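Structure first, commentary second.
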Amino acid sequence: MWAEEVQVSRPGTGVAAFLGWVLLGAGIGAGLGLGIPGGLFVALGLLLVGGLLVVRQGLRPAQAGVVTGLGALPFALAWLNRQGPGTVCSDGVTGASACVVQSNPWPYVLVGVALVAVGVVMFRRLRRAPGPLVER
């Protein structure tokens, strides 16, 4: 076996690392966009953790998973607007009804698909080994 044929995995190119960064991106997106109590503090904390990891490890291909993880926010918004577009009324337990205006969920779905695709393509392209290809 020739030295040119030996493949050594580079740090930050594994799928598990990519999925970890996807979870980090999903947490940031959920904290910023879903209006959960304390969500802004959660998002800022996760941004701090991500920033510390980047400073400590340097830039790695798996960090493109943050872009993919941010796609969770538009998907969640699409799910919340799944009965739209238009006014949606629901009956409460006491017989009272509540009506809300929901927007069209498809733009959210398209943005989510685009973010997931961009993150995966970035990861695939960045994890390629640098340098010229060996001709056979």
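Quick note: the coordinates plus some simple rules give every number you see, no bench work behind them. Bear in mind the structure is a predicted one, so any value in this text is a computation, not a measurement. Reconstructed Cβ throughout: ideal geometry from the backbone, glycine too, with neighbour counts over all protein chains shown.
Sorting check: for 81-93, 57-69, which peptide has the highest mean count of neighbouring beta carbons within 10 Å, and how do the rest follow?
Numbers: 81-93: 11.2, 57-69: 20.6.
In descending order of packing, they fall as 57-69, 81-93.
Ordering 28, 36 by the number of other Cβ atoms within 10 Å of each residue's own Cβ, fewest first, gives 36, 28.
Normalised by the number of residues in the chain, the mean separation of alpha-carbon contacts (under 8 Å, six or more apart) gives a relative contact order of 27 percent. Highest mobility in the GNM of the chain, judged by mean-square fluctuation with C-alpha springs under 10 Å and restricted to 115, 48, 40, is found for 48.
Kindly express, to the nearest 10 degrees and within the range 0 to 90, the angle between helix 15-33's C-alpha long axis and the longest C-alpha principal axis of the chain. It is inclined by approximately 30 degrees. Taking 7 Å steps out from each Cα toward its Cβ at residue 96 and residue 124 produces label points 5.2 nm apart. Shown is the FRET efficiency for residue 80 and residue 19, computed with R0 = 22 Å from the Cβ-Cβ distance and rounded to the nearest 0.05: 0.35.
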